[in-house]
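*Asks:* Got a structure here, written out as structure tokens. Questions coming.
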Amino acid sequence: MTDSTETTVANTVAVTAATDADMRALARRIAAGLRAGDLLILSGPLGAGKTTFAQGLGEGLGVRGPITSPTFIIARVHPSLVGGPALVHADAYRLGGPEEIEDLDLEAALEDSVTAVEWGEGVVEGLSEDRLEIAIDRRPDDTRTVRVTGVGRRWADRLPVEE
Ligand SMILES: Nc1ncnc2c1ncn2[C@@H]1O[C@H](COP(=O)(O)OP(=O)(O)OP(=O)(O)O)[C@@H](O)[C@H]1O
Ligand SMILES: [Mg+2]
């Protein structure tokens with residue numbers, strides 16, 4: 001990473017990603033600490049870098065690509081090429097609420113996959129008691145601040161990103 005400063009507050013780690021390559025590298029590092037059943041909620045404004053982060057997750061998990069912005073397809077399953085969990089990449093932007101998420105049936109795949117949902121805050125929390133919240137902020141200089149927060153027992157003591 002070309003510019004990386006990290007601070008820890010409780011089970012939140014804040015990381016700076018200076019470029020899109022840094023964002024993917026960060027997500028690859030996080031992917032190394034993930035396993036089937038993990039849920040990630042990616043938040044941040046339009047163009048923040050949520051899909052870029054998901055691409056890094058896919059690289060780290062070794063799943064079949066390409067990982068693109070879901071437009072009409074709201075959730076896509078990227079199977080593993082290395083015998084690990086698949087990546088389910090979903091976009092809740094157009095979903096009305098928790099009822100519509102139920103129709104997607106993400107729950108069916110959750111146990112066997114790593115699930116990453118863009119715009120998932122306030123919508124998919126009910127899917128899992130444990131989750132990683134990835135909140136991306138875009139700064140005026142185009143660098144990004146990425147706050148990784150662990151929620152639930154699974155992440156109480158340890159986050160999949162170094163301090
Ligand atoms: N430091 C950075 N981190 C991530 N992306 C960056 C950075 N600097 C520039 N970019 C660019 O910003 C854009 C981020 O787009 P991306 O599709 O990942 O955002 P998004 O949050 O998924 O948007 P949307 O809300 O439309 O789904 C990309 O074109 C990427 O190359
Ligand atoms: Mg996106």
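*Asks:* Going by C-beta contacts inside 10 Å, put VAL63, VAL77, VAL13 in order with the fewest on the left.
*Replies:* Working: VAL63 24, VAL77 15, VAL13 20.
By the 10 Å Cβ count, ascending, the order reads VAL77, VAL13, VAL63.
*Asks:* Please list 3J(HN,Hα) in residue order for segment 77-89, calculated via the Karplus relation 6.51 cos²θ - 1.76 cosθ + 1.60 where θ = phi - 60°; whole Hz, with x for glycine and proline.
*Replies:* 9, 9, x, 6, 9, 10, x, x, x, 6, 9, 9, 10
*Asks:* Separate question: Step through the residues of segment 15-26 one at a time and calculate ³J(HN,Hα) from phi using the Karplus curve (6.51 cos²θ - 1.76 cosθ + 1.60, θ = phi - 60°), rounding each to whole Hz and writing x for Gly and Pro.
*Replies:* Each residue's phi maps through the Karplus curve to give 10, 9, 10, 6, 9, 5, 5, 5, 5, 5, 5, 4 Hz.
*Asks:* Okay, moving on. Along the Cα→Cβ direction, 7 angstrom out, place labels at ALA18 and ARG76. What is the inter-label distance in nm?
*Replies:* With each label placed 7 Å out from Cα toward Cβ, I get 3.0 nm.
*Asks:* By DSSP, what percent of the beta bridges with both residues in the chain are antiparallel, rounded to the nearest 5?
*Replies:* Values: 23 of 37 bridges.
Looking only at bridges with both residues in the chain, the antiparallel portion is about 60 percent.
*Asks:* By how many nm would the segment from ARG94 to ASP112 grow when fully extended, if each residue of separation counts as 0.36 nm and the alpha-carbon distance is taken off?
*Replies:* 4.0 nm
*Asks:* Using label points projected 7 Å from each Cα along Cα→Cβ, tell me how many nm separate ARG139 and ARG153, to one decimal.
*Replies:* 3.8
*Asks:* Another question about this same structure. Starting from the coordinates of the alpha-carbon atoms of segment 6-155, obtain the Kirkwood hydrodynamic radius over all distinct pairs and give the value in Å to one decimal. Mind showing how you got there, number by number?
*Replies:* On the way: mean 1/r = 0.0658 Å⁻¹.
Hydrodynamic radius (Kirkwood, Cα only) of segment 6-155 equals 15.2 Å.
Values quoted throughout were computed directly from the atomic coordinates according to the rules given, and no laboratory measurement underlies them. Keep in mind that this is a model prediction, so the values were computed, not measured. Positions of Cβ are backbone-derived with ideal geometry, glycine not excepted, and every protein chain shown enters the neighbour counts.
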